[in-house]
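The values are calculated or read from the model by the stated rules, or taken from the named source; none is laboratory data. Since the structure is predicted, the reported quantities are computational estimates derived from the model, not experimental observations. Please note: Cβ atoms are built from the backbone with ideal geometry, for glycine as well, and neighbour counts cover all protein chains shown.
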């Protein structure tokens, strides 16, 4: 993991940057996984932490949550747009060469490779996911891949 202390990044952030996979939002907002719910509960209130939301994750999460219950979409929007620490970033300019790199690094699906590539592209420190392909298969030094439980422990040990 690269150090974020004092370094300017692509989006001008000096804080610790996270990208959350779609499954973290769905599991957390539906309360299907306690650690994902806890992560979403604490993220808006941790100083020194920023969440970069890829536009495709925004769209995918909204689509999935709307099929479960419309109130969940409202909660998701409140989280993403209601807190200063969240920023939605379009990934339409994501270099295809970077996506291909992540396919070579072990992410065989295009969607997984895009989120892996996006995380590097925005120079995030962490990708948070419950997806076994990220947790088990991805081999990168550009950022750390943690599940929600590991991310909560890291936040509590380093930022709270």
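Brief remarks follow.
- Just one of the listed residues (124, 117) is crowded, with 16+ Cβ neighbours inside 10 Å, within 15 Å of the chain's Cα centre (by Cα) and either part of a loop (DSSP other than H, G, I, E, B) or modelled with pLDDT under 95 (or both), and it is 124.
- Within the stretch 1-31, the only residue that satisfies the criterion of being loosely packed, with under 13 Cβ neighbours inside 10 Å and either assigned to a strand (DSSP E or B) or modelled with pLDDT of 80 or more (or both) is 31.
- Flag if residue 130 is assigned to a loop (DSSP other than H, G, I, E, B), under 21 Å from residue 26 (Cα atoms) and touching a residue at least 60 places away in the same chain (Cβ under 8 Å): yes
- Matching residues, the stretch 64-107, being closer than 27 Å to residue 159 by Cβ and either modelled with pLDDT under 95 or in a loop (DSSP other than H, G, I, E, B) (or both): 83, 84, 85, 91
- Candidate set: the stretch 80-91, residues that are touching a helix residue (DSSP H, G or I) at 6+ places or on another chain (Cβ under 7 Å) and more than 11 Å from residue 58 (Cβ to Cβ); chosen: the one surrounded by the most Cβ atoms within 10 Å (Cβ to Cβ): 85
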